[in-house]
Amino acid sequence: MSEFISISNMKLNFKIHYDTRWGQNVLISGSIPELGEWQRDKAVCMSYTEGGYWELSLDIAYTDQPIFYSYLISEKNMMDIQEYGYPHTIEYGLGDLFFQDEWQNEDSCKIFRDKKPYWRASGVAIPVFSLRSEKSCGIGEFDDLKLLIDWAAQTRQQIIQVLPVNDTTMTHTKFDSYPYNAISIYALHPLYLNIQKMGNVKDKEQSTRFERLLKELNKQDTVYYEQVDSFKWEYFRILFEQEGDAILNSCGCQWFVDENKEWLYPYALYCFLRDRFKSADFTEWGVYADYAVAQKLLSDEETMSQIQLYIYLQYHLHLQLQEVHQYADKKGILLKGDIPIGISRNSVEAWVEPEYFHLNGQTGAPPDPFSETGQNWGFPTYNWEAIAKDGYRWWKKRFQNMALYFDAFRIDHILGFFRIWEIPTESIQGMLGHFSPALPLSVEEIEKAGIPFDKERLTAPYITDEIIQKLFGEDAEEVKICFLERNAKGTYRFKKEYNSQLRIANQTDWQKDKKSNSIRKGLFDLINEVLFIEDSREQSKYHPRIACMESYSYRQLSDKEQECMKRIHDDFYYFRHTEFWKREALKRLPPLLSATDMLGCGEDLGMIPSCVPEVMEKLQLLSLEIQRMPKQYGLEFGETNNYPYRSVCSTSTHDMSGIRGWWQENSEWTQRYYNNVLHLEGEAPIDLTPECAEKILALHLQSPSMIAIFPLQDWLSIDATVRRKDFEAERINVPADPQNNWCYRMHLTLESLKRKRNINAKIKELIEESNRTEAYEQ
């Protein structure tokens, strides 16, 4: 198929060569009104001309925004419409445009989405910090990825997936270990530097001391984040004093600075002020909380001399990760990175470009299997209107920077491009959030649906003696005296100083004992006892509280009101927003995906709107399939043989236990899985045996999914002599625990893993038997 497009005199002209059979028509659907705004019934039919060409000429209103469109193929009656290819982009507003796009070479990997039909691959997932080699320093490093690449190639895997690798340094403590809370969307994490590749400390006494400390840190079976951070930063500063000027004055470094100055100087200045004020919260930096004021420091010679350290480190990071990418390319291994949906409210971006964010809000996730009260990530929400005004430049730059080091990406929580879970700033849990953007209900709509609107009854915590007694037992009277007061209706309300979860947490001198924890949890539950939540931007518009049917407040409604409330809730969360969220995603995602040639994957777990699979298929984004979290209604376990081709299937993720831990979480589930999925007779073993683990991996490898990626821990579970004895130590993250320490580290070195002949032969055999061996061609 060849495509010719021209734009001139406010006319948009399409001409494509496509061999259709009798009865077929070619249509175009797109993002602008003239192309139907992605509504298939409004797609525009092209005209057939001689030589197999289809043409269309449209009068078009001026726009400075990109235009997105797709070709559709219809049959005789125009009802059976299928999409051809992937969405395209026209950067309109650049004057007359004429270009030709040849798609005739289907073996090309330049565009992954139209690579080879039914190309299937396998791979391994592990955070960089979890890698372990004989030469690393108590934490995984970029250079360790080379050994992992060797192992992947040895076992015929083709993809390595890592967690975000951006700088998260805020406090130089273990709380910086959270990889999704970066201070920059561009800067790489200094702790992933291999210090030996940077250079040697010349002072013999210091060098000997560093060698001893390095060996001690590398013996540890978990990441001692603070000790590693202290060690490496001391080394960085000494090495910078030795050779910083020479590196900074090199042609390579000067090129790097010139290419990246737009983000590099703000990042370096941020680091300088963070360390000067001993706080990553830029609102505590006095006049420098305003970047426009702080930016003037870049004209100060002394300040410039002090920020050079951070530039020096970023240059080394660029060289080391670029070298890894080139090494992977030579070995035929794809590197897959991770793009967090949010940014930290204490990040360079929030400081420099606050107009792109709603800093007075916070994001998270509604209740799901990961957390029964929802998740609060603390990130600000996006100001999508501002981001769209400049053609999504902010997001495009982010993807283009990632493409320097990675061949594929995983969008963490891709549902955030449809809608995000927005939580009040005074909430700690995620239960009182609501989706944004959304179509909140008016009072009239609520009453029309059968619920008489009493704002205090429906939107304030509904607290009676009965629920107080149920939640607090023998502590009920103490709770009433300390935290509550009666209202005119005979029920209770919180005293003003305790009327939010944040106030409860901050204004009470909680003891670290079982009673205090129980009371605090009960108070948080009471705060959540509402049926509707007022919209944060539209007054007198309301969202039904998520999962409100499980609340005590709901159970106090009449039977008829309960029926009406359930109908309102289900319609609101499962039907009301389908087309609305679909349009939002189709405005936001195409510009990002067209910015690079990386293969796109989306983490689409949790509460999934019905429009998500359609949009992801339209954009040829790979979904994520986890067998223990089936997307099909009514299934207990996902059916791996029915997974879509455009998907990544995995046995587990960093947010859940590995298959060995999952095996012991619920013995009834395990038994049914053992008999009905693995088709094994008798009683399931208490511990997951290597044989059962191998069967689980084989099920996934034999699925239709384009990519099967397993955590390293799950790969190793198939060999009793190699896998870790304590499987609980392999857990990376517990989403319900905001204080989780991300410290998982391999229990054996990569050098040792490469020498494990039996398991490596078994992995290779499993991959070959599943026909996931076709080489990646560049």
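Details
- Test: residue in the stretch 222-240 that is open to solvent by 10 Å² or more (accessible area, probe 1.4 Å), of a type in the set (Ser, Thr, Tyr) and touching a His at 6+ places or on another chain (Cβ under 8 Å): yes
- Scanning the stretch 6-47 for residues that are of a type in the set (Asp, Glu), free of Cβ contacts under 8 Å to residues at least 60 places away in the same chain and not in a helix (DSSP H, G or I) returns a single hit, Asp19.
- A residue that is without any contact (Cβ under 8 Å) to a residue 24 or more places away in the chain and under 18 Å from Gly374 (Cβ atoms) occurs nowhere in the stretch 526-538.
- Of all residues in the stretch 198-215, those that are over 18 Å from Asp143 (Cα atoms) have Cβ atoms under 8 Å from Cβ atoms of residues that are among the small types (Gly, Ala, Ser), 6 or more apart or on another chain, in Val201/Ser207.
- Of all the criteria given as (1) open to solvent by 10 Å² or more (accessible area, probe 1.4 Å); (2) touching a residue at least 12 places away in the same chain (Cβ under 8 Å), the one not satisfied by Gly522 is (1).
- Taken as a whole, the structure places Tyr315 among residues that are of a type in the set (Ser, Thr, Tyr), open to solvent by less than 30 Å² (accessible area, probe 1.4 Å) and in a helix (DSSP H, G or I).
- Members of the stretch 270-295 that are open to solvent by less than 50 Å² (accessible area, probe 1.4 Å) and outside any helix (DSSP H, G or I): Ser279, Ala280, Asp281, Trp285
- The stretch 656-674 residues that are free of Cβ contacts under 8 Å to residues at least 40 places away in the same chain and open to solvent by less than 10 Å² (accessible area, probe 1.4 Å), paired with ones that are in a loop (DSSP other than H, G, I, E, B) and among the hydrophobic types (A, V, I, L, M, F, W, C) (beta carbon under 7 Å, 6 or more apart): Trp663/Leu688; Thr670/Ala684; Tyr673/Phe637
- The set of residues from the stretch 737-755 being under 22 Å from Ser657 (Cα atoms) and open to solvent by 60 Å² or more (accessible area, probe 1.4 Å) comprises Asp737, Pro738, Gln739.
- Residue ranges of helices (runs of 4 or more DSSP H) in the stretch 551-601 with at least 3 members of a type in the set (Asp, Glu): 559-574
- Selection within the stretch 412-451: residues that are in contact (Cβ under 8 Å) with a residue 40 or more places away in the chain and open to solvent by 50 Å² or more (accessible area, probe 1.4 Å). The member of this set that is farthest from Arg503 (Cα to Cα) is Leu439.
- Candidates Met170, Met79, filtered to the one that is at pLDDT 95 or above and more than 30 Å from Glu751 (Cα to Cα): Met170
- When the stretch 259-269 is filtered for residues that are over 25 Å from the mean Cα position of the chain (by Cα) and surrounded by fewer than 20 Cβ atoms within 10 Å (Cβ to Cβ), the ones remaining, listed by number, are Glu259, Lys261, Tyr265.
- Residue within the stretch 645-655 that is out of contact with any strand residue (DSSP E or B) (no Cβ under 8 Å at 6 or more places or on another chain) and open to solvent by 40 Å² or more (accessible area, probe 1.4 Å) present: yes
- Test set (1) at pLDDT 55 or above; (2) open to solvent by 70 Å² or more (accessible area, probe 1.4 Å) - Gln104 fails condition number: (1)
- Residues of the stretch 564-591 that are touching a residue at least 40 places away in the same chain (Cβ under 8 Å) and open to solvent by 30 Å² or more (accessible area, probe 1.4 Å): Arg567, Arg576, Phe580, Arg583, Lys587.
- Residues of the stretch 207-242 that turn out to be part of a helix (DSSP H, G or I), over 24 Å from Cys271 (Cβ atoms) and among the polar types (S, T, N, Q), as a count: 3
- Residue in the stretch 728-740 that is modelled with pLDDT under 95, more than 27 Å from Cys601 (Cβ to Cβ) and under 20 Å from the mean Cα position of the chain (by Cα) present: yes
- Contact annotation: residue pairs with Cβ atoms under 8 Å, 6 or more positions apart or on different chains, pairing a residue in the stretch 329-357 that is touching a residue at least 24 places away in the same chain (Cβ under 8 Å) with a partner that is of a type in the set (Asp, Glu) and surrounded by fewer than 23 Cβ atoms within 10 Å (Cβ to Cβ), are Lys331/Asp150; Asp338/Asp412; Ile339/Asp412; Pro340/Asp412; Ile341/Asp412; Asn346/Asp281.
- Of all the residues in the stretch 701-740, those that are out of contact with any strand residue (DSSP E or B) (no Cβ under 8 Å at 6 or more places or on another chain) and aliphatic (A, V, I, L, M) number 5.
- Restricting Met598, Met656 to those that are among the aliphatic types (A, V, I, L, M), at negative phi and under 15 Å from the mean Cα position of the chain (by Cα) reduces the list to Met656.
- Comparison of Ala708, Ala693 shows that the only residue that is without any contact (Cβ under 8 Å) to a residue 60 or more places away in the chain and of a type outside the set (Lys, Arg) is Ala693.
- Condition check for Asn758 on (1) of a type in the set (S, T, N, Q); (2) part of a loop (DSSP other than H, G, I, E, B); (3) touching an Asp or Glu at 6+ places or on another chain (Cβ under 7 Å); (4) open to solvent by 80 Å² or more (accessible area, probe 1.4 Å): one failure, at (2).
- Complete set of residues in the stretch 494-530 that are polar (S, T, N, Q) and more than 20 Å from Tyr462 (Cα to Cα): Asn506, Gln507, Thr508, Gln511, Ser516, Asn517
- Residues satisfying the criterion are absent from the stretch 160-181 (criterion: surrounded by 21 or more Cβ atoms within 10 Å (Cβ to Cβ), over 30 Å from Trp394 (Cα atoms) and not β-branched (Val, Ile, Thr)).
- The stretch 357-390 - residue that is of a type in the set (Phe, Trp, Tyr) and open to solvent by 20 Å² or more (accessible area, probe 1.4 Å) and, of those, farthest from the chain's Cα centre (by Cα): Trp384
- Extreme residue, farthest from Pro367 (Cα to Cα), among residues of the stretch 694-736 that are β-branched (Val, Ile, Thr) and open to solvent by 50 Å² or more (accessible area, probe 1.4 Å): Thr721
- Residue check, Phe272 under 24 Å from Met746 (Cβ atoms), in contact with a helix residue (DSSP H, G or I) (Cβ under 7 Å, 6 or more places away or on another chain) and hydrophobic (A, V, I, L, M, F, W, C): no
The values are calculated or read from the model by the stated rules, or taken from the named source; none is laboratory data. Bear in mind the structure is a predicted one, so any value in this text is a computation, not a measurement. Positions of Cβ are backbone-derived with ideal geometry, glycine not excepted, and every protein chain shown enters the neighbour counts. Side chains are part of the model used for accessible areas, which takes the heavy atoms of the whole protein and leaves out ligands, DNA and RNA. Shrake-Rupley method; radii C 1.70, N 1.55, O 1.52, S 1.80 Å.
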